[in-house]
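Only one structure is covered here, and it is reproduced in the block below.
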Amino acid sequence: MAPPRSFPTLSAADSVAFVGGVAVPTWAKGIIIRRKAATALAERLDTDARAVRRMQRLRAKYGEGPLLLRNPVRPQAILLRVEDVRRVLDGAPEPFTPASSEKRAALSHFEPHNSLITRGPERGPRRAFHDAALESGCPVHSMADRWVPIVEAETDAILAGAGSLGELDWRVFFEGWMRIVRRIVLGAEAADDRELTDRIARLRGRANWAFAAPKNRALRAAFHDRLGAHLARAEPDSLAARVARMPGAAAAEPTQQMAQWFFAFDPAGMATFRALALLLAHPQALARACAEAASDAPRADLPFLRAALVEALRLYPTTPMVLRQTTRETEWAEGTLPAGTGILIFAPFFHRDDQRLPNAHRFAPEDRLGEDPAQAPPFLPFSAGPAACPARHLVPMLASMVLARILRSGRRIVLRDPQRLDGGKPLPGTLDPFTLRFALPAGG
Ligand code: HEM
């Protein structure tokens, strides 16, 4: 169906420029799993900052939107107004479904029955599975006390490994981070099961290509079988034990839901690593974080360190494109959008809009204190509304526990290449986590 005339529609040249300057660079970094070389290049070329400026130019030329892109495949709207973002996110799953065609194509490579890509009545129980297990409404998960010793021991192991090399890099950090994840989700027996997380990483690599890559059904089945075997143990103190006790959990197909957790804990590790770098590059924030880490506060309830994590996600959102699709005609001041219209919310534009936000390019965790991370427009690191991330409290909680342990360790830790995050200048639009490195001077 032709898009209605009354919506501002990008010219052919602006449509091409949008695809080339916003969509392609974001896609190139890897939507489902980051590509290392492309992420490094994105930082060098500052592609995210350029994309935000391009969006600002579109707003200046066409108004506040929604804008329509010239797209031969289907009508595609781009949102520029915070109120429109609210409306769309609050309107999940009907009439704005999160299960957009491209997301279904990508995620079905490893979790075809996941809530995020489910339409119709089956979505409810699948989403409820996540809310119950991850305790989406609770700032401190009820199992947190049992996880503190796990997080602390594994963080100490990260520091010991880094100490022997004289440096903490992504490889050492990520290895330890995923051990924490496997222990918390599945229990101690899964701590060393790198094969599990490697399998889903391989599937995610194919998912980056969405429709364009054939599915590897054998690998997908092998991943789910292995995850299912871990789950069957229901080890005490793990989320697997929690799931085993949840009424009706089996009907939600637990491995289909939990595949998303193993996917999403990877960007959570990146955000934690970036938060560490940002703290070390900002002495005032660091002093406050160290004071909190050293205090007698409960180890799972560290508001400033949580705020630092959320602020790292504002600056460097790990879900840059939040996608929705209309399930029926929707009415707007500008006219009617047909069913099947794609809707794009480009998070960096809302997070870094320096024409509207005073601290757009500054690291200011104090501004995030006390915010619900999924209820803070115009920021949407965890999305918002009924399809907001159910781990929006769990992720800042675990990240803050790791950061506190590092800062309390007594080890001197120094960001290498500090000019990448010079607090005196606007922060860069892209921060490649794979090349962040921290020196741990011997005897420090
Ligand atoms: C940096 C860390 C994370 C960020 C920034 C994040 C962000 C998001 C966002 C933006 C969405 C909405 C996606 C969309 O509408 O397409 C989402 C959905 C979701 N996230 Fe997260 N997430 C993170 C980590 C996690 C973790 C660790 C888990 C599980 C343990 C998790 C579980 C989920 C689930 C299950 C959904 C789908 C919810 C639904 O179907 O309604 N996320 N997340």
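Some observations on this one:
- Taking each residue of the stretch 335-362 that is open to solvent by 10 Å² or more (accessible area, probe 1.4 Å) and part of a loop (DSSP other than H, G, I, E, B) and looking for partners that are among the hydroxyl-bearing types (Ser, Thr, Tyr) and modelled with pLDDT of 95 or more with beta-carbon atoms closer than 7 Å, six or more apart or interchain, yields Ala339/Thr326; Ala339/Thr327; Gly340/Thr326.
- For His141, the stated conditions do not hold, so it cannot be described as within 13 Å of the ligand (Cβ to nearest atom), part of a loop (DSSP other than H, G, I, E, B) and surrounded by fewer than 20 Cβ atoms within 10 Å (Cβ to Cβ).
- Test: residue in the stretch 76-83 that is of a type in the set (Asp, Glu) and within 26 Å of Gln375 (Cα to Cα): yes
- Taking the criterion of being under 15 Å from Asn114 (Cα atoms) and of a type in the set (Ser, Thr, Tyr), the only residue of the stretch 210-256 that qualifies is Thr255.
- Qualifying residue in the stretch 170-190 (condition: of a type in the set (D, E, K, R), surrounded by 21 or more Cβ atoms within 10 Å (Cβ to Cβ) and more than 24 Å from Gly30 (Cβ to Cβ)): yes
- Only one of the numbered conditions (1) assigned to a helix (DSSP H, G or I); (2) closer than 27 Å to Ala404 by Cα; (3) touching a Pro at 6+ places or on another chain (Cβ under 9 Å); (4) not hydrophobic (A, V, I, L, M, F, W, C) is not met by Arg206, and that is (2).
- Test for Arg123: is it open to solvent by 10 Å² or more (accessible area, probe 1.4 Å), without any contact (Cβ under 8 Å) to a residue 60 or more places away in the chain and charged (D, E, K, R): yes
- Of the residues making up the stretch 260-277, just one is more than 7 Å from the ligand (Cβ to nearest atom), under 17 Å from His224 (Cβ atoms) and open to solvent by 10 Å² or more (accessible area, probe 1.4 Å), namely Phe263.
- The single residue among Glu94, Glu64, Glu102 that is among the charged types (D, E, K, R), open to solvent by 30 Å² or more (accessible area, probe 1.4 Å) and without any contact (Cβ under 8 Å) to a residue 60 or more places away in the chain turns out to be Glu64.
- Taking the stretch 31-106 and the helices (runs of 4 or more DSSP H) fully enclosed by it, the elements with 3 or more residues that are touching a strand residue (DSSP E or B) at 6+ places or on another chain (Cβ under 8 Å) are at 47-62, 82-90.
The values are calculated or read from the model by the stated rules, or taken from the named source; none is laboratory data. Only a predicted model underlies this, so the values are computations on that prediction, with no experimental measurement involved. Backbone-built Cβ (ideal geometry, glycine too); neighbour counts: all protein chains shown. Please note that ligands, DNA and RNA were not included when accessible areas were found on the heavy atoms of the full protein model with its side chains. Shrake-Rupley method; radii C 1.70, N 1.55, O 1.52, S 1.80 Å.
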